[in-house]
1. Scan the range 51-59 and give yes if some residue there is part of a loop (DSSP other than H, G, I, E, B), out of contact with any helix residue (DSSP H, G or I) (no Cβ under 6 Å at 6 or more places or on another chain) and hydrophobic (A, V, I, L, M, F, W, C), otherwise no.
2. Return the residue satisfying two criteria in turn: it lies in the range 101-119 and is without any contact (Cβ under 8 Å) to a residue 60 or more places away in the chain and within 12 Å of the ligand (Cβ to nearest atom), and of such residues it is surrounded by the most Cβ atoms within 10 Å (Cβ to Cβ).
3. Can you list residue pairs whose Cβ atoms sit under 7 Å apart, with the first residue in the range 290-318 being assigned by TED's automatic domain parsing to the domain that holds residue 371 and the second being crowded, with 19+ Cβ neighbours inside 10 Å and polar (S, T, N, Q)? Count only pairs 6 or more apart in sequence or on different chains.
4. Within the range 315-328, is even one residue open to solvent by 10 Å² or more (accessible area, probe 1.4 Å) and in a helix (DSSP H, G or I)?
5. Anything in the range 267-287 that is open to solvent by 30 Å² or more (accessible area, probe 1.4 Å), in contact (Cβ under 8 Å) with a residue 12 or more places away in the chain and under 18 Å from residue 171 (Cβ atoms)? List them, or say none.
6. Does any residue in the range 56-72 that is of a type in the set (Ser, Thr, Tyr) come within less than 6 Å, Cβ to Cβ, of a residue that is within 9 Å of the ligand (Cβ to nearest atom) six or more places away or on a different chain, and which pairs are these?
7. Given the conditions (1) open to solvent by less than 10 Å² (accessible area, probe 1.4 Å); (2) under 24 Å from residue 84 (Cβ atoms); (3) among the hydrophobic types (A, V, I, L, M, F, W, C); (4) within 10 Å of the ligand (Cβ to nearest atom), which single one is not true for residue 188?
8. Take the conditions crowded, with 23+ Cβ neighbours inside 10 Å, part of a strand (DSSP E or B) and outside the structural domain of residue 374 (by TED's automatic domain parsing) and apply them to residue 91. Does it pass?
Amino acid sequence: MPHPHSSPQPFAEPVYVTRPFLPPLAQFEAHLRKIWQTRRLSNMGCLHDELEQALGKKLGAPNFRVFSNGTLALQLALQALAVRGEVLTTPFTFPATLHAIAMAGARPVFCDIDPDTLCIDPASIARMWGPDTSAIMGVHVYGTPCAVTDIQGIADQHGLKVVYDAAHAFGTTFHGRPIADFGDATMFSFHATKLFHTIEGGGLAFADATLGRKLEMLRNFGIESEDVVAIIGTNAKLNEIQAAMGIEMLKAMDEECRNRAQVKQTYQALLGDLPGLKIIKPGPGVTDSLQYMVIRIDESAFGLSRDALHAALKPWNVITRRYFYPLGSDYPSYADCRRDNLPHAQRASREVLCLPLYGELGIEMTERIGRIIRYIHSTAS
Ligand code: T4K
């Protein structure tokens, strides 16, 4: 352990919260060469279908479709399930969750979160249910599963659909079950900033196999056949270059996960004993999605607020992110939405900070970030 007062060196270049993994260029080029020959660029080509199948297997989802991004996958899930009126959800999320609800023609209703899991609190769901409610949208925040059993219980009692935003939960299992196993539909994001990515992209696992055809039409302008445009749909197709990236990324997952796990262990060793700094970990029975490295700052015990630490790290070229601040319930667009009291969400939004996490970061750079945080802490308190 370094001496807490020895001054570390700032980074010469910014170290961001993430840096996308890329497969070896030669492997990707091989796909590009084929694409150049076949001229098949989009609209459910071979690579698209290959990736869709491989991802369904990987995620333990027998019913699975891919989309151009996670936000549209979420919106189309709600449309496929004919969700209307109010959707009980969490304000502690990325804007995409709430905008997908609104774009699908429904209204978010804000529930508080569980202070430990940071996911939607079933007690708050029960309080906020109303006659206009048709669905619950939980977010498996940082890859920590929502209280899936309690949520399903409330949904069954009131006849509600359950949709999960698993943007952060690629590959997560909960007591041995794939995260895609819960609810009516589960969305995964394959954005460049995610562990597994297709540059932009998203996927949807769903329980009712008959939704498959409807989702295919929703992502392709509602076209059923050459002669029939059956429903109103959009353009949410994943193209062949995105699919090629996904196919190559899948090959690299094990290695990237090993490297990220090492980075997280290094942070744990350097920061685990700092008063007022809590490292957020996946709960019991959960495999870590290795998507984010999240700490929570208790200002009174740490001596600095989360915002002060976020700002203090910048001159060292350590660029952290406050996922999720501001809270969705504070966006002007949702000012009129019904809401519970949100003390736990408000507190979490003030206290969480995502540190850089990606395989390439390696042990040495992680140790340096850890030493910088210790140094900032020691000179502040
Ligand atoms: N639901 C939840 C709970 C989500 O968190 C998200 C997305 C979604 C739904 C929607 O899924 P998608 O429609 O995106 O599939 C980023 C991502 O853009 C977003 O996908 C993600 N959540 C969110 C948590 O993080 P920003 O605005 O923070 O991105 P940005 O551009 O600031 O990137 C963060 C850092 O990553 C940069 O400082 C540098 C690095 N970076 C980023 C990109 C895009 C790179 O090094 N290279 C890159 O190409 O939203």
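The values are calculated or read from the model by the stated rules, or taken from the named source; none is laboratory data. Owing to the predicted nature of the structure, the values given are computational and were not obtained by experimental measurement. Counting neighbours? That spans all protein chains shown, and the Cβs are built from the backbone with ideal geometry, glycine included. Calculation scope for accessible area: heavy atoms of the full protein, side chains included, ligands and nucleic acids excluded. Shrake-Rupley method; radii C 1.70, N 1.55, O 1.52, S 1.80 Å.
1. Within the range 51-59 (the criterion being part of a loop (DSSP other than H, G, I, E, B), out of contact with any helix residue (DSSP H, G or I) (no Cβ under 6 Å at 6 or more places or on another chain) and hydrophobic (A, V, I, L, M, F, W, C)), the answer is no, since none of the residues qualifies.
2. Of everything passing the filter in the range 101-119, 101 is surrounded by the most Cβ atoms within 10 Å (Cβ to Cβ).
3. 310/320; 313/320
4. Scanning the range 315-328 turns up at least one residue that is open to solvent by 10 Å² or more (accessible area, probe 1.4 Å) and in a helix (DSSP H, G or I).
5. Within the range 267-287, 282, 285, 287 meet the criteria.
6. 71/96; 71/100
7. (2)
8. No: the conditions fail for residue 91.
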